[in-house]
1. Got a sec? Which residues in the stretch 371-410 would a label at M204 touch, if it sits 7 Å along Cα→Cβ and we count backbone N under 18 Å?
2. I want to check the label-to-label distance for E298 and A211. Put each point 7 Å from Cα in the C-beta direction and report it in nm to one decimal.
3. Please report the relative contact order for the stretch 202-405, taking Cα pairs under 8 Å with a sequence separation of at least 6, and give it as a percent rounded to a whole number.
4. Quick one: net charge of I322's neighbours, Cβ under 11 Å, K/R +1, D/E -1?
5. V251 to F228: FRET efficiency via 1/(1 + (r/R0)^6), r the Cβ-Cβ distance, R0 45 Å, to the nearest 0.05?
6. For a quick check: sort W350, W290 by the number of other beta carbons within 10 angstrom, fewest at the front.
7. For the pair S107/A306, report the inter-label distance in nm, with labels modelled 7 Å from Cα in the Cβ direction.
8. Taking every DSSP beta bridge with both residues inside the stretch 144-238, roughly what % is antiparallel (nearest 5)?
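Each reported figure results from applying straightforward, stated rules to the coordinates on display, with no laboratory input. Small disclaimer: the values here were computed from a predicted structure and weren't measured. All Cβ positions, even for glycine, are placed from backbone atoms using ideal geometry, and neighbour counts span all protein chains on display.
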Amino acid sequence: MAFRRTFRPLPATLSSHLGSIMLQANLRQLTLRFAITIVAALSLTASLAAGPLGQPPPPGPVRLGIAKFSTNGYGTADASVSIRAALETAFLQSGQFELVDRQHLESLLEEISFQQSGVTGSETAIGLGDLGNVQTLLFGEVGRIDAKTFALTLRFVDVATGKVLHIEQANLPRDAKAISRGAAQLGRALAQLVPGFAPTTTVMIAAGSFAMGRDDGPADERPAHTVFVDSFAIDQTEVHRAAYALHAARVGERYDTGGSPRLPATGISWALARAYCRDQGKRLPTEAEWEWAARGAEGRRFPWGAAEPHPSMAHYAAPAPIEVDASLEGASPEGVLHLSGNVAEWVADWWDPMAYHSSAERNPAGPSRGEYRVTRGGSYADAAPSLSTTARGFHTPTRGSEMIGFRCVQ
């Protein structure tokens, strides 16, 4: 019997078998207490969870600590052991996780009274410093639905912030072999989400004036006109599939990483891209912000300067995209990656070929209505001219494209 994944709460009829009203209340209490305690301990743990100057750690396996699973119902204790073992094996085989020694972690959690029953006492804040360089903690519960089925709930929690990164619920068959197979399959699927656990690195773009557009370009890039843009922070990379899949799970939808979680998230409509950014407390960049980040005060023809595109600088004229953090030589001077090539990027503005003839001088937001939304940067499938910092594309906002992704600003 295959396991069934769901991102929605268990139905009330099933909850009665699990006593889930109390269970969910305890979990909410745990999350709240956990967040408060972590914030108090942040000064102790931040240097361990972050890289130099508070930057996120470089890409690599996530240091995961798996707490002892709680159980509720006959047979769930044995089931939890099998489930945990299968998850651990799948996590290790994926290469996405580095697991903390189980006995060491459990002794630490017990010592500081940090178990799924809650966190008590100000002394626990100091104890969290003993978690070493654990980045993420996994808490699990196993309950019994009926004689043939167990219910599994997993919660991944960021140690540095106390934020619940992801909640996963699945029903698993009681048969010993089937439950191990189902948990292993679940573990492989969850490993695809791991890149989305890491915080997004942003790059500050200072306020300034620049000449937007060009007089010698296509009609929709004319005329060149001076605009002023306030300072903002832009994502260093395009949003990848793992990050978008986590967002989709939170809103009750599904997005398949296709086994390549670090490739750019594509096939996403303009509205869904905007919704993702809002979920992160951000927004899509305006067209002026995007061009300012790519072009700068120097009026660069490409993000890296005046040199013509080359495969060492940008990913273009290719059959497929590359990972969002793939290192090429064509980053902007501020360090923003793949502004040209890889995937074109949604921006906030409506597209109008005459927009530059009546653009605002300060923080232009584009036309108030239109049929298409602007895309910028060119994609892996485009030729070199589309990689120019002034080149404008457009696409129907209600449809995604495999050649269009996005990044956010704030």
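1. Label zone hits: 409-410.
2. 1.6 nm
3. Answer for the stretch 202-405 is 26 percent.
4. -2
5. Working from the Cβ atoms, E equals 0.80.
6. Starting with the residue having the fewest Cβ neighbours, the order is W350, W290.
7. In this crude label model, S107 to A306 measures out at 6.6 nm.
8. 100 percent
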